[in-house]
Amino acid sequence: MSLKSRFGPFGHIGILVLLTIYFMPSSVFGADAGNCLVCHKFPGLSRVGENGEMRLLYVNEEIHNKGVHGSVKCEGCHTDITKIPHDPAKPVDCLVLCHIIEPTSEQKFSHKSVATSLEDSVHSKKDKDGKEKPFSEDMPTCKDCHDDPMFRPLAFVKKVRPGVAEDALGRCRVCHSKEAFIDKFYNHITTRLHKSRSPLNIAEACARCHDDPKLVARHNLSRAAGSYGQTFHGKAANLLDESVPDCLDCHVPKGKSVHQMYKNEDSRATTHKENRGQICNSVDCHPGASKKFSNYQVHAEFDKGKNPVIYWFTTFFIILTGGTLLPLMAILFLDLLRRLFPNASFRRRKEKQ
């Protein structure tokens, strides 16, 4: 059998590719079990999809290994890929069983409990009677919120390098000897126990829906993200202050899954009128604050129909400020002109006879 018949119509090209791969140094290959990074490690790897949009297929190996999915094999999520080169991958189903054993149950890990929490929340595609909500396609899916896999190190204050806290690693080495286990375990635990996003990042993620005019109109929502940006908390978040509360701090019950958000009218909601005070007077925010303190309207909008008092009060001060400053600025401008052109006049002087 000839080489061309064995390798198909592109026999010579196939032979050349195999020889090139054979003589490549080992550093070129990916470190993953499936050798997916042989191709996906190159920053320029991309393709144009059927809808004409460019898709970047590059995977940063260092960031991936330090992220929460660093221990998961590529084929653990991309279950439809069984050969290389592979056909266009199908969308990832986050609810499949992972190739990881959950230590407390010794069973394969799954995110199905997250789906259960989401179905019981305000972001569910179905109402309490099990019927599909109008415009259910607008409801967020996993990847609508979990779009930033970047690893955020604990040592971000000094910003010396995107690494880890060496003092904490020293404690791990007292008992554990394998460096690979220490790095993966430490990175996974710290990214789960500490915020991986700043308040500004979270507000921007929520704003994709809650500041979208079409979505707001369809679901009769308020411009929550925009009104948050007008508050003291939002302004501090814009200045990159990471100590201020973000959307999740107020809309998620303490100690519960971040996916368990409820409508304001739901008695389980942290924003329910009976529970609001517990948010503000927590030990992390305003300890000792009274229940009345929480009556402050965080998401008050400049809308005559929804908030007439705030609308007219704000309008009054806009007119007052403009009516005071604009005449003063006009006087200063005219005074400046007089100083620059002392002999200028709008009227022609009569010549002396």
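No value in this document is a laboratory result; all are computed from the given coordinates. None of the values given here were measured: they were computed from a predicted structure. Reconstructed Cβ throughout: ideal geometry from the backbone, glycine too, with neighbour counts over all protein chains shown.
If you consider only alpha-carbon coordinates, what radius of gyration and Dmax does region 256-353 have, in Å?
27.8, 95
Quote the FRET efficiency, to the nearest 0.05, computed for Cys285 versus Lys235 with a Förster distance R0 of 25 Å and r equal to the Cβ-Cβ distance.
Given R0 = 25 Å and the Cβ-Cβ separation, E is 0.95.
Report, largest value first, the span of the C-alpha coordinates of region 178-337 along each principal axis, in whole Å.
For region 178-337, the Cα spread along each principal axis is 78, 42, 39 Å.
With an 8 Å Cα cut-off and a minimum separation of 6 or more residues, compute the relative contact order for region 53-129 in percent.
Result for region 53-129 is 17 percent.
Which order do Ile84, Ile310 fall in if you start with the one that has the fewest other Cβ atoms within 10 Å?
Least to most surrounded, the residues fall as Ile84, Ile310.
What residues have an amide H closer than 5 Å to that of Lys126, excluding those fewer than 5 places away on the same chain, when H is modeled at 1.01 Å from N in the peptide plane?
Lys133
With 10 angstrom as the radius, rank Val174, Val258 by how many other C-beta atoms surround their C-beta, starting from the fewest.
Least crowded to most crowded, the residues run Val174, Val258.
Taking amide hydrogens as modeled 1.01 Å from N in the peptide plane, which residues meet the under 5 Å criterion relative to Lys108, leaving out close sequence neighbours?
The answer is Glu102.
Run the numbers on region 172-290 and let me know its relative contact order in percent, using alpha-carbon pairs under 8 Å that are six or more apart. If you can, show how the numbers build up before the last one.
Working: 103 pairs, mean separation 17.8, N = 119.
Relative contact order of region 172-290: 15 percent.
Sorting Tyr296, Tyr228, Tyr262, Tyr311 on the 10 Å Cβ count, fewest up front, what's the list?
Arranged by neighbour count, lowest to highest, Tyr296, Tyr228, Tyr262, Tyr311 become Tyr296, Tyr311, Tyr262, Tyr228.
Exactly which trypsin sites (Lys or Arg not before Pro) in region 72-152 are in a DSSP loop and have at most 13 other Cβ atoms within 10 Å?
Values: sites: Lys73, Lys83, Lys108, Lys112, Lys125, Lys126, Lys128, Lys131, Lys143; in loops: Lys73, Lys83, Lys125, Lys128, Lys131.
In loop regions of region 72-152 (DSSP not H, G, I, E or B), the sparsely surrounded trypsin sites (Lys or Arg not before Pro) are Lys83, Lys128, Lys131.
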